[in-house]
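To start, the structure under review is shown below, and the notes come after it.
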């Protein structure tokens, strides 16, 4: 029993980290998947202000994708949606 | 036939009847120029994120329509001349999303006490 438990924990530790850990081993890559792609991801739309505000500064600029870990394709979609929302003064 | 979404903004200090007149006018233009209205939404009076033509508030209308390039061309030509509009936006979409409404309709005129 003990062996199986240990092996389970080992598997989780190895590979890419999905959460920042205080006791993280050096050399492991920090990895977070894109929050906007996937099956149950929200739709990027210029009318969806709540979503757009998550990915912009309060001043209105876009947050960089290296902070939010949004994929390149979705970042392009976001940029277009933000510009449209700015035009009709929603953001 | 293409699918479009169209948003209109009128100044916030206009009355309900005035707003409705403007809205009906553009609906007529769409239907006359071989367009087809699928859904209309009224988002009501909203605070503008920044001032547009000295206005702080605006009344939002939203139309989901089907038509071709000529419909949009004629619609935007009429809107460019109109001085009672703050701004408008047309967006081409692949498919209309008729279920989600991001702006629930409120009784705006009750809230702000204007008639």
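A short reminder: the numbers here are calculations on the coordinates, not readings from a lab. Here the structure is a predicted model, which means the values were calculated and not measured. Ideal geometry is used to build each Cβ from the backbone, glycine not excepted, and the neighbour counts take in all protein chains shown.
Quick notes on this one:
- Two-site FRET efficiency, residue B:80 against residue A:33, from Cβ-Cβ distance with R₀ of 41 Å, rounded to 0.05: 0.35
- Set the Cα radius of gyration of the stretch B:1-47 against 2.2 N^0.38 Å, with N its number of residues, and you get 1.26.
- Chain B: relative contact order in percent, alpha carbon pairs under 8 Å with at least 6 residues between: 42 percent
- Per-residue shielding of A:38-45, expressed as the average number of other chain Cβ atoms within 10 Å of the residue Cβ, stands at 1.
- Summed over all non-identical Cα pairs, the Kirkwood treatment of the stretch B:25-88 gives a radius of 12.9 Å.
- Neighbour-count order for B:23, A:31, B:59, fewest beta carbons within 10 angstrom listed first: A:31, B:23, B:59
- Other protein chain Cβ atoms within 10 Å, averaged over every residue that makes up B:45-52: 3
- Shielding by other protein chains, A:84-91, mean Cβ within 10 Å: 6
- Each peptide among A:81-87, B:35-41, A:54-60 gets the average number of other Cβ atoms lying within 10 Å of its residues, and from highest to lowest they stand as A:81-87, B:35-41, A:54-60.
- Projected over every direction and averaged, the convex hull enclosing the alpha-carbon atoms of chain B yields 7.2 nm².
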